[in-house]
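Working notes, structure below.
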Amino acid sequence: MKKRSFKEIIKRPLVTVPAVTIASFIMAVNYKTFVATGGLYPGGVSGLSILVIRLFESSFGISLPFSLVNMLLNAGPVYIGFRFIGKKFTLYSVLMIVLNSIFTDLIPAYIITEDILLIAIFGGIINGAAICICLNAGATSGGTDFISVFLSERRGIDSFNIILGFNAFILCIAGFVFGWDKALYSIIFQYAGTAVLKGLYKKYQQSTLFIVTERPNDVCSAIYKVSAHGATILEGEGSFEHCERNVVYSVVSAAQEKKVINAVKAVDPSAFINEVKTQRLTGNFYQPKQD
């Protein structure tokens, strides 16, 4: 595994801490403007926290602070993060959880629109963008994100259905207790957020590269240096000139594809590169550990 330089180690908190702070603030503002106004339920532990708060208010007349409920419900996922994923990664995520919780309690409510459909769509987009900022900076928004990362990296399990089932459980309870209209609009909210997340966060997506080159060994070295992924050299023949051609085949993270292509072009400017989106991958695919 490639070692990080001292400069990279110093740079990490200088980027991550401001990004996490901004993401937590955006998420809190989104809650106090869109989510609270529409009475919606975001996915994950945040949605569960909101559900618990509203259940206590309707059943016992007790108004619980969001920060208290959210941090308590995140205790289990945080343990999973410290134990199985990475201490620094989890610490940044805890910072996100704490700041988001505090901001949510401190920021006053503000109504931008009362149109429930607009609230569901734009609230979901903003929520997804905030999560993307957090993830791209090297942290999570907490809750089910820890479980998702753990299952993806350590167990090789597609966590989508598990997270979907958890969110469906929250929405079913919300639907039975508070009415199905809010629960159904929450599905639109979650779908909009997921669409943004899928488009902007590519760490767990892969790209397949087919590279026709006259310098296959140098190309393989460049791929490994940038991404820590290996490659396979295939022997072929050009159909026009009937001369020998080498094809380098490699699968890399979609988040690294541009860096890899630039590195390949640096060692062989005449290389012909075909990039294909990988739909499904089976076998050993290296994922760098969270630190």
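The values are calculated or read from the model by the stated rules, or taken from the named source; none is laboratory data. Predicted model only: the values in this text are computed from it and were never measured. Positions of Cβ are backbone-derived with ideal geometry, glycine not excepted, and every protein chain shown enters the neighbour counts.
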* Residue check, ILE187 of a type in the set (Val, Ile, Thr), more than 22 Å from PHE150 (Cβ to Cβ) and touching a residue at least 40 places away in the same chain (Cβ under 8 Å) -> no
* All positions within the range 168-199 that are among the polar types (S, T, N, Q) and over 24 Å from GLU57 (Cβ atoms) -> THR194
* Asked: Taking helices (runs of 4 or more DSSP H) that do not extend beyond the range 166-272, which have at least 3 residues that are at negative phi, of a type in the set (Phe, Trp, Tyr) and assigned by TED's automatic domain parsing to the domain that holds LEU118?
  -> 180-200
* To do: Among what's in the range 187-218 and is hydroxyl-bearing (Ser, Thr, Tyr) and surrounded by fewer than 20 Cβ atoms within 10 Å (Cβ to Cβ), pick the residue that is modelled with the lowest pLDDT.
  => TYR204
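Determine if the range 250-273 includes at least one residue that is of a type in the set (Ser, Thr, Tyr), surrounded by 12 or more Cβ atoms within 10 Å (Cβ to Cβ) and at pLDDT 80 or above.
Yes, the range 250-273 contains a residue that is of a type in the set (Ser, Thr, Tyr), surrounded by 12 or more Cβ atoms within 10 Å (Cβ to Cβ) and at pLDDT 80 or above.
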* Asked: Checking ALA174 against (1) touching a residue at least 12 places away in the same chain (Cβ under 8 Å); (2) surrounded by fewer than 16 Cβ atoms within 10 Å (Cβ to Cβ), which test does it fail?
  -> (2)
* Do we have LEU184 as farther than 30 Å from SER250 by Cβ, out of contact with any His (no Cβ under 7 Å at 6 or more places or on another chain) and modelled with pLDDT under 90 here? -> no
* To do: Return a yes/no flag: does the range 69-83 have any residue that is in contact (Cβ under 8 Å) with a residue 60 or more places away in the chain, in contact with a Leu (Cβ under 7 Å, 6 or more places away or on another chain) and not in a loop (DSSP other than H, G, I, E, B).
  => yes
* Structure fact -> The number of residues in the range 41-60 that are over 17 Å from the mean Cα position of the chain (by Cα) and either of a type in the set (A, V, I, L, M, F, W, C) or not in a helix (DSSP H, G or I) (or both) is 9
* **Only one of PHE56, PHE89, PHE34, PHE66 that is modelled with pLDDT under 90 and either assigned by TED's automatic domain parsing to the domain that holds ILE188 or surrounded by fewer than 18 Cβ atoms within 10 Å (Cβ to Cβ) (or both)** => PHE89
